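Q: Before I ask anything, here is the structure I am working with.
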Amino acid sequence: MLRLPPFELLRPSSLEEARSLLVEHGPGARPLAGGTDLLVNLKLGSTEAQTLVSLAAIPELCGIREEAGELVIGAMTPLAQVAASEVVRSRIPVLAQAASVVASPQLRAMGTLGGNLLLDTRCQWINQSHFWRAALGFCLKKDGSKCHVVEKGKRCVAAASNDTAPALLVLGARLVVLGAQERSMPLAELYSSDGAQHLTLAADELLVEVRVPLPEQSARSTQHSAYGKLRRRASIDFPLLGLAANLELDESKTVRAASLAAVALSAQPLSLPKVAAALLGVETSGAQLERAIVAAGALAQRRLKPLDNIPGDAWWRREMVPVLLGRTLRAALSDTGPVNGDPQ
Amino acid sequence: MAARDQHGPQAPWRGEFRVLTKPQRKVDGAAKATGEALFTDDLALPGMLYARTLRSPHAHARIRSIDTQAARALDGVHGVITGADLPQSYGVIPWTQDETALATDRVRFVGDEVAAVAAVDERTAEAACALIEVDFEVLPARLTPEEALANPEPAIHHNERRPGNISKHVKLEFGDVDGAAAQAAQVVEGDFSFHGTTHAAIEPHCALARPDADGRLTLWSATQITHYLHRALALVLGLAPEKIRVIQPCLGGAFGGKSDPFSLEFCAAKLALITGRPVKLLWTREEVFYAHRGRHPMQMHYRTSSDGEGHLTGVDARLLIDGGAYSSFGLVTTYYSGQLLTGPYDFPSYRFDATRVFTNKPPCGPKRGHGSVQPRFAFEVQLDELAERLQLDPIELRRRNLLGENTTTVNGQRITSNGFARCLDEVERASGWRERRGRLPRGHGLGVAGSMYISGTNYPVYPNDMPQGGVQLKLDRSGLVTLFTGANDIGQGSSTVLAGIVAEELGVEPEAVRVVAADTDLCPVDLGAYSSRVTFMVGNAAIDGARKLRRQVLAALAQEWEVAEEEILLAGGRAGLFNGDRDLPMREAFVLAETRFETLGATGSYNTPTLGGDYRGGTIGASPAYSFTAHVVEVRVDCETGVIRCEKVWIAHDCGRALNPVLVAGQMEGSAYMGIAEALFEHHTINSRGLHAGPSLLDYPLATSVDTPELAALIVESIDPEGPYGAKEAGEGPLHPSLPALANAVHDALGLRLRELPFTPGRVLRALRSQAEAGS
C-alpha cells in the first residue's frame, strides 16, 4: 500500500486558532478539509506538508444559510450536503448538479465545497507516484523544470478539475477569506493561470465561506441553470470537460442575461462572456434557439482548446465542446440537468 | 488407475441431487462479509520485518554496479538483497525460465525489480531503497513489437535459438487453407487489434515468509499456484522442497494475475532466511500494475473463407503478440492464440502463424480467457461480416457451422459434450433477436458472438505422469468430514464446490465438511487455479476419494442393520433406508464405520485421458471437456459523442451440469462484466516514455456499478460424460463473446465495423465522421 508520509495533525476548534496555527507553522502547514485530494497528493509526493491543520472541528465552517438575499455555504460543507440541499436545488440548481457529479458517493461524503474549489490542478504527468515522476525526470509543477504537455512550455498547464468552480462562477459567487483580516473577493480572483501556483490565497489564509446571490423570483424573469460534465465513466472520474450555464429569461422566454463557465482545460476555471453574449436576446421558444446554440458552440470551440494535460483523447474533448455546450444549454432551459454524458 | 476412472454424471443416491445443483452458500461467505477472513496482509508475526522493492526507472538498461552500503548502514535495516543474492533464473514454464527475482545484470522495463530491503517498518525499508546507488547504462527501449523486431540488438533477452527479440513463434496448418480460399465463394479478410488489459484484482500481491529454527521456511502468499510456487522457491532458494511450506490464505481475486511466481515471494523468503525473522512484502497498486501478466496486445490478420451458403471452408490467421519483457506463460499464450479457435464452428482447413515478441514493458501473461479472447474477437467479428455479405442472419450463419458433439476439431481436439446450439437458441429467444435485430432505430443495436473454452488442459506446465489433482479425506466419530486439497480457492468458490461434492457423496450437511486448501504441508498436490481446471479435475478427485469412504460407511451400516448396501441412503446428515426405515444421525453411522474399519481416510485423484493432436504442441489446448458460450449484446451509441452504452448482455453458457447455479451465474456475470469493460474502458498502456500511462485505479478505468450493463445469465447444461456429475468450466469461457458481440451490436446500430479495441468515444466518433464523409 502506498503509505502517507509522516505529518503532524492539529485539530483547532475555532477559526482564529486555525489561522494562528497556520501562521505559527509557516509554509510547511496546510489546512486539511475532507482530505480526498490533499491526502492522495501527499501519498504521491506531489504535495508536501509537515503539518496538517484539520478544519473538521470548527462548527461555523459547516452549513448552509440564507442571509440578506445570499446563500452562504460554509467551506467545510460536504459536497453531498450541497447536492442534497433543498434551497440549493431549487434556487441555484447548477451548484447542486455540479456537486452531485463530483467523484463518487463516498468521496462526496468526505469532500467539501471549499476543498473542491481549492482542488489542486491535475495533469497526467503530475498525478503519479514519486517513483514514476522520478523515472520521467519530473515536471515543472513539482521538482522539475520541464513541461511534458507543451514543448518548451515555461508555465504549468495542469488543469483545474473542480466541478463546482464553473457552477459558482456563473452564479457570481464571492468568497470570504480569513487572513490577517477578513476579506471578500469574487471567485474568479481565487485562481491564477499558472498550474503550479494556481491559487491566489496566501499560505495563512483560510477560505471561510462561499456567498451566492440568490436570483430574484418574479413573474417577469426566470432563472435556468445546468451543469454538464464529460467523463469516461458515469462515476468517480474527474471532468474531461465541465460546463456550467446560467440563463435569465424574461416573460417572453427571451434570454436577458447569460453566463457560461468551463473547467478541465487549463489552470483556471474559465468564464466565457463572449460565448454567453451570443445567447443574449435569443427567443428560446423559437427556431432561433438552435441557431444560437450552434453559434455559441462554434465560438466556444474556438475559445476552448483542450490540451494533452489530463488523460484522454484531447481531440475528442475538443470535439465535445459544442456538443456539451448545446446539451447543457438545453438542460438548463428545460431544467433537466445535470448532463453527464449518457447517450442521447 | 483410479485417477482415470469415470464416475458418470449421475447423482450418487438414486439419481436425485440433494446438495449439488442447488444454490449453496460459499464456505467462506460469512467470514468475508464480516471481515473475519484473513488475507495475506492481515497476517502478522512476532518480530516481523517489512520489505520494500527498489525498481528500475529505465525501460532498458544494463546494471554496471549496485552499491548498497549506505542502505545497509541505515538504522533499522536488517537485510538488503540484490540480484547477486538470488541469481537462479526461473519461470512458470520450464523451457522459458528467463526471470530472476531481482535483476542480475539487466533491467527490461520501468518497474523491473532491482533490490529489496527488509527493515523494522516500511518507511525505513523505503528510505533504505532510496540510498541504494545503481549505476545504469541506459539502452534503447523497444516499446512496440515492430520496433523490437526491427532492432534485434541490443537484444532484450539473449537467446541463440530465438534471436531478434522473438519470444515464441508457432505456425501450424491443418488442411489446405490457401486452396480453400482460392475456391471460396466468399473470402473476408481484415486486420484487428487488441490493446492490452490487466486483471486489477482488488487484493494486491503480498507475501509473508517465516524461517524456523529447524531451517524450514513457511511462505504465505496471495498466489493461485501454490504448487508451482513451491517448486520455484525450492529451485531459486536452493532448499529441498520438503523444507518449504507454501500456504495461500484467503485471496482477493486473481483472474490469472497471480499464476506466476513473483519477485516478492523470493525476496520475502530470502530476506527471512538472511535475517532469521519473518518478513512481509506487500506491493502497492502501482507495483501490481508493473507485475502485470495481463492480456497481451495483439495485432491480428484474419482471412475467412466460405462457400456460397456460409459454410466455412478455411480460416487463416496471422498474429503479432506483444509479450512485454519476460516469457511468463507466453509459450502457452502463443499456442492458445491459435489452438483454441477451432470451435464451436467446424471448418476443414486452418492455419495460424503467431509470433510473440519481447518489448520493454511490463510482462504480459494469462488473464481470464488466456490467449483466446483476442483471436475470438477478430474471428467473431469476421463471421458477422461474412453473414452480412451473404445476407444471412448472424445466428443462422453460426448454426450452419456447428461443430456438434462427440467429434474432433480440425486441429485434433476431442469434443465430447457440446451445448452451443442451445446457447444460441437461448440468447436468440431471451433477447428478442428475431423481432428486434436490424429493426431498432439508428444508434441502437444487437450483436451476437460465440466461443468455446477449455475445462483444464492435459498439459501440466512441467511434464509428468502424476495426477493433475488430488484430495485427501478424513472422517471420524465427531461427524466432521475434512477435505484436504491443493486446489486454490481464489474467490471463484472451488472450496465450496468441493465441500458440496463431499456433502453429496457422504450425505452430510455441507456445514459438516471442512475444506483445508492450498497448504503444501497438509494438502495433496494440485496444479493450481488456472485454465479453468479445478471444478473438473479436483471435483473428479473429490468424488473418487469420497466414494471410497462412502463404501466403508455403507458396509458398516449394512452389517449393523443386516440390509443390502443398495437400500441405504445417506442424506441430510442422517443415515437411513430408502424405504424410510432406520434413522441414525450421521455421527453414529461414522462411529460404526470407524469401529469396523478403524481410522478412516481416503485419497482421490484425477488425471486427464490422453488427448490432443499428434504433432508438436498438439496437447496444448487439449482439454477433457470444452465449455461453450453465446452472447447477445445490446448497445446504444450516442452519434454526437461516440459514447457506446452497453445496455444488456444475455449470456448463455454451457457449463455442463451447474453444481452450484449461483456460483455459475456469478462467474458468467463477472466474465461478461470484465469483457465489456475491456472493450469500452480498460487500457493497460505504456506511454512514449516507457512509463505506464496510469498505474492507479483512478486512471485505469474499471467499469463502475453504474457503467455495468444489465446481465442475464442463461445456464445451459449439456451433461458432460467425464466431468464431475457432468460439470464443465464456467469461470473463463463466458468472457470471450462479450467483445465481438459488442462490436457486432455497434454494427447493427450504425453500420460501423469496429476492428480496433478499445472502443473509446474518440475512436467511434472518428469512425462515424469517416462514415458520414463516405456517404456524402
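Q: Using DSSP to define loop residues, name the GluC sites (Glu not before Pro) in region B:158-230 whose beta-carbon has at most 10 other beta-carbon atoms within 10 Å.
A: Answer by residue number: B:160.
Q: May I pose another question? Could you tell me whether chain B comes out rounded, prolate or oblate from its Cα gyration tensor? Rule is a ≥ b ≥ c as square roots of the eigenvalues, rounded for a/c under 1.5, then prolate if a/b exceeds b/c, otherwise oblate.
A: Judged from the Cα gyration tensor, chain B comes out oblate (a/c at least 1.5, b/c at or above a/b).
Q: Let me ask another. Amide H of residue A:122: which non-local residues (sequence gap of 5 or more, or other chain) have their own amide H closer than 5 Å, using H built in the peptide plane?
A: Distant-sequence amide H within range of residue A:122: A:159, A:160, A:161.
Q: Could you size up the charge dipole of region A:255-344 around its Cα centre, putting +1 on the beta carbon of Lys and Arg and -1 on that of Asp and Glu, and report it in debye to the nearest 20?
A: 320 debye
Q: Quick check: the angle from helix A:15-25's long axis to the longest principal axis of chain A, C-alpha only, nearest 10 degrees?
A: With rounding to tens, the tilt is 50 degrees.
Q: How much net charge surrounds residue B:189 when only other residues with a Cβ under 9 Å from its Cβ are counted (Lys, Arg +1; Asp, Glu -1)?
A: Here the count lands on -1.
Q: Same structure, new question: With springs only between Cα atoms under 10 Å, which of A:127, A:309, A:162 fluctuates most in a Gaussian network model of chain A?
A: A:127
Q: Still on this structure, I have one more. Karplus couplings for region A:65-74 from phi (6.51 cos²θ - 1.76 cosθ + 1.60, θ = phi - 60°), rounded to Hz, Gly and Pro as x?
A: 9, 9, 8, 6, x, 10, 9, 10, 10, x
Q: Residue-wise, which Karplus ³J(HN,Hα) couplings in Hz belong to region B:360-367, taking 6.51 cos²θ - 1.76 cosθ + 1.60, θ = phi - 60°, and x for glycine or proline?
A: 8, 9, x, x, 8, x, x, 10
Q: Residues with amide H under 5 Å of residue B:168's amide H, sequence separation 5 or more or different chain, H placed in the peptide plane at 1.01 Å from N; which?
A: Sorted by chain and number, the residues that satisfy this are B:356.
Q: Mind checking which of A:24, A:48, A:151 has the largest fluctuation in a GNM of chain A, springs on alpha carbons under 10 Å?
A: A:151
Q: A further question on this structure: Quick query: amide H of residue A:233 versus all other amide H atoms, modeled in the peptide plane; which residues come in under 5 Å with a sequence gap of 5 or more or a different chain?
A: Counting only residues 5 or more places away or on other chains, the set is empty.
Q: Count neighbours as other Cβ atoms within 10 Å of each site's Cβ, and list the GluC sites (Glu not before Pro) in region A:173-269 that are DSSP loop with at most 11 such neighbours.
A: Within region A:173-269, the qualifying GluC sites (Glu not before Pro) (loop, at most 11 other Cβ atoms within 10 Å) are A:216, A:251.
Q: Would you mind calculating the relative contact order of region A:157-270 from Cα pairs under 8 angstrom and at least 6 residues apart, reporting the percent as a whole number?
A: For region A:157-270, the relative contact order is 35 percent.
Q: Which whole-number percentage describes the relative contact order of region B:305-398, with Cα contacts under 8 Å and a sequence gap of 6 or more?
A: Across region B:305-398, relative contact order equals 35 percent.
Q: Roughly how big is chain A's charge dipole about its Cα centre, with Cβ charges of +1 (Lys, Arg) and -1 (Asp, Glu), in debye to the nearest 20?
A: Roughly 1220 debye for chain A.
Q: Got a sec to turn the phi values of region A:117-124 into Karplus ³J(HN,Hα) couplings, 6.51 cos²θ - 1.76 cosθ + 1.60 with θ = phi - 60°, whole Hz, x for Gly and Pro?
A: Once θ is set to phi - 60°, the couplings for region A:117-124 become 5, 9, 3, 5, 5, 10, 7, 5 Hz.
Q: Gaussian network model of chain A, Cα springs within a sub-10 Å range: biggest mean-square fluctuation belongs to which of A:112, A:121, A:51?
A: A:51
Q: Related question: Using unit Cβ charges (K, R positive; D, E negative) and no other charged atoms, how large, in debye to the nearest 20, is the dipole of region A:1-55 about its Cα centre?
A: That gives a dipole near 200 debye.
Q: Report the longest stretch of chain B that contains none of the trypsin sites (Lys or Arg not before Pro) sitting in a DSSP loop with at most 13 other Cβ atoms within 10 Å.
A: B:162-438
Q: Right, another one. With the contact rule set at Cα under 8 Å and sequence spacing of 6 or more, what percent relative contact order holds for region B:346-501?
A: Relative contact order, region B:346-501: 14 percent.
Q: Next question. Within region B:61-159, which chymotrypsin sites (Phe, Trp or Tyr not before Pro) sit in a loop by DSSP and count at most 11 neighbouring Cβ atoms inside 10 Å?
A: When the chymotrypsin sites (Phe, Trp or Tyr not before Pro) of region B:61-159 are filtered for loop state and at most 11 Cβ neighbours within 10 Å, B:95 remain.
Q: Now for a different question. Along the charge dipole of chain B, which of B:334, B:68, B:120 sits closest to the positive end, that is, farthest toward it, with unit charges on the beta carbon of Lys, Arg, Asp and Glu (+1, +1, -1, -1)?
A: B:68
Bear in mind these aren't lab numbers, they're just calculated from the coordinates by the rules spelled out. It should be emphasised that the depicted structure is a prediction, and the values quoted were computed from it without experimental measurement. Every residue, glycine among them, receives a Cβ derived from its backbone with ideal geometry; neighbour counts consider all protein chains shown.
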